[in-house]
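Take a look at the structure below.
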């Protein structure tokens, strides 16, 4: 092995060739420019207009404070404790050769474009910044120079037009690559210092040979595999090495095993191969970036259809299977699945008697107790959609949601002229499951956005959609603590997922959510296994030592 301060891969090839000539007693061609002279030339160029122009080129490219692109990790380990692991993939070069020849595209430009596009699809960023290298031998006088001539380059690709054809995309990548090479006199170390760049995703391309023997002066000699040095240098989170052999393309991806799982890396490699196949199989003059898929239709799994496409029917199935299991723990009472179902049925049947029709929209303005949960289920059982309202909303916002949603009814726990009192609804004696005629496409609920960019906007969710969401919960959990406000979409996951899958829903009251000592008492008493909350709420709770305990 050689230290990269004094030599590079091309220089090693030159050295082995010269050694072969020496063994054969042949003349060794002298260097036109040796490594020492090359370093002097490089140093003198730092005071040239070309150097200033190269600096300006990278300044223009990096002026928007672009950060190095990171392949989104799927693990949360400590990267400093990570070990180097490598995954690889090979594929036949025949089709790639034909494609590149037909479209006048270089192999490196094609494969690099596939990796950049795949990385962008994994990260969904507006630009991609990777680190790459080239051999630095653009001047013919340097072809037989022995030394370290390799240049490290940042490559910045903007993703501004998803309608762009693949032909134009590959050409833009190739142009950026060539432009970076032409300005490589400005060193990467200065770029990194100036813009605080930390290389995260490294890509290199090399043209090798299928032969495992060592070539010296045109002759093959037996090669020996050196003992593993056990050196695991992790310079980058992801390091991709592409080697073009005589008969195949070999891709080796080295990664940090504390950040990425083997399965995730294999998925990334396979999706790159899928993208490359789509480049080759389609007319790149018309095939667009937005047409590219990470998986082909043959690779996509067959999704299990929703068995019960109505959310209230999923709840009723749990009532049949586990009637005596605890369904709800609330401030006012605890209810089994059978008891909660009967309470919800009373509300549903009362609504129907009052003229509520399937597909009506019903606003809910209730405090956090068993009446709230029973009303949600009762509205669904009546074939209607519920619209949750946070009682702390300002009145003008409540009025806006009421008018915008075209709500037909309001359920509240106060006597108001335009609302139905939940206590009156619960006086209904019919506690049987109502039979209403609705379809899976009918609305289950409407939830409004925060309105931070204007008026709140109603998001409409059908029965089938929410059933898709709740049908595969994390089955290892049997109880869930609900802290989310009913007007926040996390509450949907908490309430409907729990009750449609036989879990115990622990509903924290308005007071318990705001009073941490009371919340702690609830947690100690009920021992919930899981809870969903925003990071900011969790951070505020974690400031209380008793909560952390």
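Each value in this text was obtained by applying a stated rule to the coordinates, not by laboratory testing. Keep in mind that this is a model prediction, so the values were computed, not measured. When we count neighbours, we look across all protein chains shown, and the Cβ atoms used for this are built from the backbone with ideal geometry, even at glycine.
Would you mind checking the tilt of helix 337-353 against the longest principal axis of the Cα atoms of the chain, expressed as 0 to 90 degrees and rounded to 10? So the helix axis and the longest Cα principal axis differ by about 70 degrees.
Remark: C-alpha extents of region 416-470 on the principal axes read 45, 33, 19 Å, sorted largest to smallest. Its Cα gyration tensor gives region 456-528 an equivalent ellipsoid; the semi-axes, largest first and in whole Å, are 24, 17, 6. Most tightly packed first, judged by the mean number of other beta-carbon atoms within 10 Å of their residues, the peptides 316-325, 460-469 read 460-469, 316-325. Between helix 262-281 and the chain there is an angle of about 70 degrees, using the helix long axis and the longest principal axis of the Cα atoms.
Taking the square roots of five times each eigenvalue of the Cα gyration tensor of region 24-69, the equivalent ellipsoid has semi-axes of 37, 16, 7 Å, listed largest first. Taking every DSSP bridge with both residues inside the chain, close to 55 percent are antiparallel. Shape analysis of region 311-548 based on the Cα gyration tensor places the equivalent ellipsoid semi-axes at 26, 22, 17 Å, largest first.
Only Cα pairs under 8 Å and 6+ residues apart enter the sum, and on that basis the relative contact order of the chain stands at 13 percent. Averaging the sequence gap over all C-alpha pairs within less than 8 Å and six or more residues apart, then dividing by the number of residues, gives region 311-548 a relative contact order of 21 percent. The residue 322 and residue 537 beta-carbon pair, evaluated with R₀ = 41 Å, returns a calculated FRET efficiency of approximately 0.85. Name the shape class, rounded, prolate or oblate, that the alpha-carbon gyration tensor gives for region 48-128, where a ≥ b ≥ c are the square roots of its eigenvalues, rounded holds for a/c under 1.5, and otherwise prolate holds if a/b is larger than b/c and oblate otherwise. Oblate is the answer for region 48-128, as a/c is 1.5 or above yet b/c matches or exceeds a/b.
Under the simplified labelling scheme, the residue 104-residue 36 pair shows an inter-label distance of 4.5 nm, with each label point 7 Å from Cα along Cα→Cβ. Once the Cα-Cα distance is subtracted from the 0.36 nm per residue extended length, the residue 396 to residue 162 segment shows a gain of 80.2 nm. Mean residue ellipticity at 222 nm, helices only, the chain: -12000 deg cm²/dmol; runs of at least 4 DSSP H residues each add -39,500 (n - 2.57), and the sum is divided by the number of residues.
For the pair residue 24 and residue 293 in one chain, pulling the backbone fully straight at 0.36 nm per residue adds 91.4 nm over the alpha carbon distance. One compactness figure for the chain is 1.35, namely its Cα radius of gyration divided by 2.2 N^0.38 Å. Taking every alpha-carbon pair under 8 Å whose residues sit at least 6 apart, region 122-161 reaches a relative contact order of 57 percent. Helix 311-321 and the longest principal axis of the C-alpha atoms of the chain enclose an angle of approximately 70°. Does region 78-207 come out rounded, prolate or oblate, given a ≥ b ≥ c as the square roots of the eigenvalues of its C-alpha gyration tensor, rounded meaning a/c under 1.5 and, failing that, prolate meaning a/b above b/c? Verdict is rounded for region 78-207. Cβ crowding within 10 Å, taken as a proxy for footprinting-reagent exposure, orders 354, 524, 30, 504 from fewest neighbours to most as 30, 524, 354, 504. By the count of neighbouring beta-carbon atoms within 10 Å, fewest first, 547, 148, 315 end up ordered 547, 148, 315. The residues 166, 28, when put in order of fewest to most other Cβ atoms within 10 Å, stand as 28, 166.
For the pair region 102-177 and region 308-327, the centres of their Cα atoms are 56 angstrom apart. Here region 234-279 and region 512-549 have alpha carbon centers that stand 43 Å from each other. Relative protection proxy for 103-115, 433-445, from highest mean packing down: 103-115, 433-445 (other beta-carbon atoms within 10 angstrom).
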